[in-house]
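**Q** Sharing a structure below in structure tokens format, with a few things to ask.
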2 protein chains.
Amino acid sequence: MTAILPLPPGSTLGILGGGQLGRMLAQAAAKLGFDVAILERETDAPAGRVAAHAIIGAYDDPLALNALAELADVVTFEFENVPAASVEALMALGVEVAPGPLALAVAQDRVDEKSFLNARGVATVAFAAADSPETAVAAAAAVGTPCLMKTRREGYDGKGQTWVEHAADAAKAFESLGARPVILEAAADFVRELSIIAARGRDGAIAVYPLAENHHEKGVLRRSVAPAEVSASAAEQAERIAARILTGLDYVGVIGIELFELKDGSLLVNEIAPRVHNTGHWTQDGCEVDQFEQHIRAVAGWPLGPTAARAQVEMLNLLGDEAAGWATYAAQPETRVHLYGKREAKPGRKMGHVNRILGSL
Amino acid sequence: MTAILPLPPGSTLGILGGGQLGRMLAQAAAKLGFDVAILERETDAPAGRVAAHAIIGAYDDPLALNALAELADVVTFEFENVPAASVEALMALGVEVAPGPLALAVAQDRVDEKSFLNARGVATVAFAAADSPETAVAAAAAVGTPCLMKTRREGYDGKGQTWVEHAADAAKAFESLGARPVILEAAADFVRELSIIAARGRDGAIAVYPLAENHHEKGVLRRSVAPAEVSASAAEQAERIAARILTGLDYVGVIGIELFELKDGSLLVNEIAPRVHNTGHWTQDGCEVDQFEQHIRAVAGWPLGPTAARAQVEMLNLLGDEAAGWATYAAQPETRVHLYGKREAKPGRKMGHVNRILGSL
């Protein structure tokens, strides 16, 4: 089927991915009157349990993709590693997929991503690609050490990356990451990590949320505070960066852009995520329209909603057993509890988050 | 099974009723990490489409109730006309049902309801019961005309009621309502209709939201504005009324209490609804914890959340074809859209609502 846009309430919206982002997207879509069809790899996933339809299958399973296309006029996703062939298959079946293939391709390869950013006038750390132990050593020497080696594709939450202290160590590091194509990134001498959640509608309209200040541990987000205390210059830079990226990718939907703030106040882009983003969870309790509804609005061709903050919020991720503290959080009047319905509290697994209202704005 | 309280996230919570109130309750429960099982009479109902489990059956079908009890530790409902036998059956199966049988019994019979209120020192209009044409005429004469004749049981949104202009007309009116037991209510000389949404936890704690001012047309709510502009005395009266009712019913959950404000500033209770209430929809965008999450918290044995308003909100019901105006509302930055996923826009049917933010508080 071919989608009528803006997608009217009562239509079915498809989401690839059954995790917490898919769950919160599904809830936002239902609030706007949509039915939701989730394609997820396993039964009993968090998103499928709040959706009208759950299709179980691999993300590149033609039968599963066909079933999704039968139900859904518009399809989006909760994760960036959607196979390009799956997107092509859906589009060939007349489905609108948003964000589109260009955004996915750029976000799936760290070298392509940084090359795209630099070509659009968006600064990043210095970087170099390598695909052998020898080129890895040369690349490390070129960007300077210590530097961070990451696989070009896949990897998230600190997985698939390692520090290289001396250029000569790069060969061993290359092997330790599976001898796959890698990127070597110069260390950023940043004073803090920020992020901006932005959205672009099908009409090209852009809306940005206030910046968040983020704190990671072992590569995993622990805490965000938003709106972050930033200079007017930082806010302007971030908005300009977001606009360049969104326009450059002819983007539709919400994007998460991770930033490094340097001593001199300038911002570098660390990475982009073509989806709703953990550092945007504060918008659920800090803004009138949160990132999940905003994403649904954008992909459904609805007008974007307002992005001003009405409260300053501290978002804390609940990892593994931390979710067992739900009763404590539930008893705090200033704390909003968001739990994902995951069955097993594996160590480090994102089980939920809380948004603490620090003050209204 | 017997419920462990407070009910931990990951548990399944049951809801009788598949309409919009069940849908919004299901979404609130999922946000707190619960799975939801809906018992609804028809497939493809609004609530079942956002829940982990949908059981299709009559509300007094033993098989359906058994299936629900197999899944759910705690059961609540979206409508007051739950058969008493169904509640007994669930309780006999070890299920915690909240609100409890007393609240349902009182709310299901308009005479019992007003008698309960008066016995608790809560004022209502004068009323009299009748169960024949003759007693109807006598009752109309006793309460004075014009008066409002309603069936004692069932009836909502203005259905099952008629005005009686002269006592002699009461016999015909009695027949027109199906010759069922009725109540005759004196006309209230009210200046406006208010309501208060209140909650009581399993620990006996009470929380009340600010009052709403409501506007009905043909017995159907069209518009609420909350917090309403009221005197301190009106707010105090309403809170006292709510506390008396909640405590008197040993209530657990959210209750909606419709009030008449008289010229002298005193409040009468028009009716009570032992459930989340249309006049509380403003809390979704006006309060940190809305009536739906509050109800789930209460029935699950969690602590109640805060009830202060952060914004003044105008809630407009979208009836029938009015929901076709979704695109207009979606384009208004101050308007939040809530649509129920109903398939058919029958005239007068509640298809959704919008909350307009009038100003932050």
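**Q** Can you list, shortest first in nanometers, how far B:Ala324 lies from the same residue in the other copies, with each label 7 Å from Cα toward Cβ?
**A** 5.7
**Q** Region B:151-200 to region A:202-251: how many Å between their Cα centroids?
**A** 57 Å
**Q** I need to check one value: relative contact order of region A:126-186, counting alpha carbon pairs closer than 8 Å and at least 6 residues apart, in percent. Before the final figure, lay out each step's value.
**A** Values: 132 pairs, mean separation 30.5, N = 61.
Contact order relative to length: 50 percent.
**Q** Which distances in nm, rounded to one decimal and ordered from shortest, link the label point of B:Arg120 to the equivalent label points in the other identical copies, with labels set 7 Å from Cα toward Cβ?
**A** Here the equivalent label points are 5.9 nm apart from this one.
**Q** Please report the base-10 log of the normalised intensity I(q)/I(0) for region B:126-186, using a Debye sum with one equal scatterer per alpha carbon and no solvent, at each q in 0.19, 0.26 (1/Å).
**A** Reported log10 I(q)/I(0), two decimals: -0.51, -0.98.
**Q** P(r) for region B:60-218: what percent of alpha-carbon pairs falls in each 5 Å bin, starting at zero?
**A** 2, 8, 13, 16, 17, 14, 12, 9, 6, 2, 0
**Q** Next question. Which order do the peptides A:180-189, A:256-265 take when ranked by the mean count of other beta-carbon atoms within 10 Å per residue, highest first?
**A** Values: A:180-189: 19.8, A:256-265: 17.6.
Ranking the peptides A:180-189, A:256-265 by packing returns A:180-189, A:256-265.
**Q** Take every residue in peptide B:325-331, count the Cβ atoms of other chains within 10 Å of its Cβ, and give the average of those counts. Before the final figure, lay out each step's value.
**A** On the way: counts 0, 7, 6, 0, 0, 9, 4.
Neighbouring Cβ atoms belonging to other protein chains average 4 per residue here.
**Q** Now a separate question. Determine the shielding of peptide B:17-27 by partner chains: average, over its residues, the number of Cβ atoms on other chains within 10 angstrom of each Cβ.
**A** Values: counts 0, 0, 0, 0, 0, 0, 2, 2, 0, 3, 6.
The mean count of partner-chain Cβ atoms within 10 Å per residue comes to 1.
**Q** Under the convention of a label 7 Å out along Cα→Cβ, give the distances in nm from B:Leu358 to the same position in every other copy, shortest first.
**A** Ordered by increasing distance: 3.2 nm.
**Q** Please report, to one decimal in angstroms, the Kirkwood hydrodynamic radius of region A:301-361 built from all distinct Cα-Cα pairs. Walk me through the intermediate numbers first.
**A** Numbers: mean 1/r = 0.0768 Å⁻¹.
Mean inverse Cα-Cα distance, inverted, gives 13.0 Å.
**Q** Still on this structure, I have one more. Mean projection of the alpha-carbon convex hull of region A:166-281 over all orientations, in nm²?
**A** On the way: hull surface 34.7 nm².
Mean projected area of the Cα convex hull: 8.7 nm².
**Q** Computed over the Cα atoms, what is the radius of gyration of region B:253-300 divided by 2.2 N^0.38 Å, N being its residue count? Could you put the intermediate results ahead of the total?
**A** On the way: Rg = 12.7 Å, N = 48, 2.2 N^0.38 = 9.6 Å.
Normalised Rg, Cα atoms only: 1.32.
**Q** With no solvent and one equal point scatterer per Cα, compute the Debye intensity ratio I(q)/I(0) for region A:12-97 at 0.10, 0.21, 0.23 Å⁻¹ and report its log10, rounded to two decimals.
**A** With one equal scatterer per Cα and no solvent, log10 I(q)/I(0) is -0.19, -0.87, -1.05.
**Q** For region B:112-161, go through all pairs of different Cα atoms, get the mean of 1/r, take its inverse, and jot down that Kirkwood value in Å.
**A** Working: mean 1/r = 0.0835 Å⁻¹.
Radius from the Kirkwood sum: 12.0 Å.
**Q** Compute log10 of I(q)/I(0) for chain A with the Debye formula, placing one identical point scatterer on every Cα and leaving out solvent, at q = 0.09, 0.11, 0.14, 0.15 Å⁻¹, to two decimals.
**A** -0.50, -0.75, -1.23, -1.39
**Q** Just in region A:151-244: which chymotrypsin sites (Phe, Trp or Tyr not before Pro) are loop by DSSP and have at most 15 other Cβ atoms within 10 Å? Mind showing how you got there, number by number?
**A** On the way: sites: A:Tyr156, A:Trp163, A:Phe174, A:Phe190; in loops: A:Tyr156.
Those that pass, being in a loop and sparsely packed, are A:Tyr156.
**Q** In square nanometres, what is the average projected area of the Cα convex hull of region B:56-138?
**A** Over every viewing direction, the Cα hull of region B:56-138 projects on average to 7.4 nm².
**Q** So, one more: From zero outward in steps of 10 Å, how is the percent of C-alpha pairs of the protein assembly as shown spread across the bins?
**A** Final binned percentages: 3, 14, 23, 24, 16, 10, 6, 3, 1, 0, 0.
**Q** Turning to a different aspect of this structure: Direction-averaged shadow area of the convex hull around the Cα atoms of region B:233-280, nm²?
**A** Values: hull surface 13.5 nm².
Averaging across all directions leaves 3.4 nm² for the Cα convex hull.
**Q** If I histogram all Cα-Cα distances within region A:214-361 using bins 5 Å wide from 0, what percent of pairs lands in each bin?
**A** In order of increasing distance, the bins hold 2, 9, 15, 20, 21, 16, 10, 5, 1, 0 percent.
**Q** In whole Hz and in residue order, list the ³J(HN,Hα) couplings for region B:165-173 that follow from phi through the Karplus curve 6.51 cos²θ - 1.76 cosθ + 1.60, θ = phi - 60°; x for Gly and Pro.
**A** Coupling constants for region B:165-173: 7, 10, 3, 5, 6, 5, 5, 5, 4 Hz.
**Q** Report, as an integer, the average count of C-beta atoms from other chains found within 10 Å of each Cβ along B:337-346.
**A** Per residue, the number of nearby Cβ atoms from other chains is 4 on average.
**Q** Still on this model: Net charge near A:Ala298, counting Lys/Arg +1 and Asp/Glu -1 over other residues with Cβ under 10 Å of its Cβ? Spell out each step's value before the answer.
**A** Numbers: positive: A:Arg200, A:Arg202, A:Arg297; negative: A:Asp203, A:Glu293.
It works out to a net charge of +1.
**Q** Further question on the same structure: Within 13 Å, Cβ to Cβ, of B:Ile241, how many net charges do the neighbouring residues add up to if Lys/Arg are +1 and Asp/Glu are -1? Could you put the intermediate results ahead of the total?
**A** On the way: positive: B:Arg120, B:Arg240, B:Arg244; negative: B:Glu236, B:Glu239, B:Glu258, B:Glu261, B:Glu271.
So the environment of B:Ile241 carries a net charge of -2.
The numbers here are math on the coordinates, done by the rules we state, and not lab data. Because the structure is predicted, anything quoted here is derived from the model rather than measured. Note: ideal-geometry Cβ built from the backbone for every residue, glycine included; neighbour counts use all protein chains shown.
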